[in-house]
1. Give me the 1.4 Å probe accessible area per residue for the chain, excluding ligands and nucleic acids, in Å².
2. Got the relative contact order for the chain handy, in percent, Cα pairs under 8 Å and 6 or more residues apart?
3. Using alpha carbons only, how many degrees (0 to 90, rounded to 10) separate the axis of helix 325-340 from the longest principal axis of the chain?
4. Expressed in whole Å with the largest first, what are the equivalent ellipsoid semi-axes of the chain derived from the C-alpha gyration tensor as the square root of 5 times each eigenvalue?
5. Can you tell which of Leu35, Leu269, Leu332 shows the greatest fluctuation in a Gaussian network model of the chain with Cα springs below 10 Å?
6. If I take all pairs of Cα atoms in region 116-245, what percentage of them are more than 18 Å from each other?
7. Report, in whole Å, the centroid distance computed from the Cα atoms of region 328-344 and region 82-151.
8. Taking a threshold of 21 Å on the Cα-Cα distance, which of the pairs Lys225/Lys304; Lys206/Lys241; Lys25/Lys69 fall above it?
Amino acid sequence: MKRAALVLTGFGNVGRVFFSLLREKADDIQKRYGLALETMAVARAEGCFYSGGPLEGRHVSRGGEPWTKGNPSWREGFRATDVIAELGPGGCLVECTISNLETGEPGMSYISSAFHGGWNAVAASKGALVVGLPALRALAAENGVFLKFSAATAAALPTLDVGLVSLAGARIEGIQGILNGTSNCILTRMGEGLDYTEALREAQDKGIAEPDPAADVGGWDSAAKILLITNTCLDSTYVLKDVHVRGITGISVDFVQSARREGRAVKLLATAAPGRQGVRWSLDVRPSLVEASHPLVHVNGTEKGITFLTDSMGSVTLTGGRSSPRGAAAALLKDIINIYRPPF
Ligand SMILES: NC(=O)c1ccc[n+]([C@@H]2O[C@H](COP(=O)([O-])OP(=O)(O)OC[C@H]3O[C@@H](n4cnc5c(N)ncnc54)[C@H](OP(=O)(O)O)[C@@H]3O)[C@@H](O)[C@H]2O)c1
């Protein structure tokens, strides 16, 4: 049995679900992949849960809530980097803190120090990747470790695995995606008759949209994803300000409904397309009229989808994948398994 130590940074929606998903799947992962994945520490902003051995649910929470005061496993002021230094190389950081698309922090510091300590990293947060992917990839290579981030690039919908592995040898000539479940859900409900405000409120009531939905409805979450997918699959170095972004906030219900009556749909489409000479690509996020024949036209509700246009494999479309913290946690787990599993 191969053992791998994990340190989880960020214990919000995704971090907590990841912690319990790993325990739910532990036996299966041991049987199928010969892997024992052990969460050795969980870092929050103010300190770490760390007891020197693999953490159980009782070490981190009480009554379903994180438990710090009076908890012998809670170390105020202790940092993920302290744990990594103590455990030595070979583990994997699981980065689930907030996505700050301007500074990249705190993910940038966590991931960089993991690499310096000889640890791999998987990320759900997008900030560090958007701000400094080329530098992080170089640092990972320098330290002989892996950086994977399926959870940051549409999570349970496979995007990078397809672009990098399944399409190997084919030239990618365009990418089109519905990459944000919240805005897609709002547009779908608008097509069914709700106005924008009603559709947003309904999504917030159901816990689909954040109380502050700006990143989703403003298009920035989709922009970060198309940027990361493009840069990774094309080995390019575009930056966030290269993406032209328009969100769905100003969209009229009449426009969405008339498209629907014609069998078409309005979608927040994130696209990457080669420029005229095929040199500089143009990256866009905007509400777009999608034709009835388009493979993404029936991607509704919180579902996501991506189409790769290629020279030798034609157009390849994937849709679906759970859009929730559980889907994101499952994508993190997939990346970890693929780092440590025996070659096949
Ligand atoms: N929710 C989803 O379905 C989903 C899907 C894919 C990707 N993502 C990405 O995954 C990440 C986590 O999402 P989420 O929904 O779990 O967000 P969240 O509930 O806001 O959790 C983020 C957590 O980060 C912690 N944090 C902030 N600064 C920290 C620091 N310096 N050290 C350690 N922890 C720190 C906060 O914990 P404290 O309590 O310690 O302040 C907070 O609980 C985000 O970047 C998001 O964009 C989310």
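1. 45
2. Values: 705 pairs, mean separation 62.9, N = 344.
Relative contact order for the chain comes out at 18 percent.
3. The answer is roughly 60 degrees.
4. Numbers: eigenvalues 248, 111, 62 Å².
So the equivalent ellipsoid measures 35, 24, 18 Å along its semi-axes.
5. Leu35
6. Counting every Cα pair in region 116-245, those more than 18 Å apart make up 59 percent.
7. So the separation of the two Cα centres works out to 16 Å.
8. Details: Lys225/Lys304 12 Å; Lys206/Lys241 32 Å; Lys25/Lys69 29 Å.
Listed pairs above 21 Å: Lys206/Lys241; Lys25/Lys69.
The values are calculated or read from the model by the stated rules, or taken from the named source; none is laboratory data. Fair warning: this is a prediction, and the values are worked out from it, not measured in the lab. Every residue, glycine as well, gets a Cβ built from its backbone with ideal geometry; the counts of neighbours run over all protein chains shown. Just so you know, the surface numbers come from the protein's heavy atoms only, side chains and all, with ligands and any DNA or RNA stripped out. Shrake-Rupley method; radii C 1.70, N 1.55, O 1.52, S 1.80 Å.
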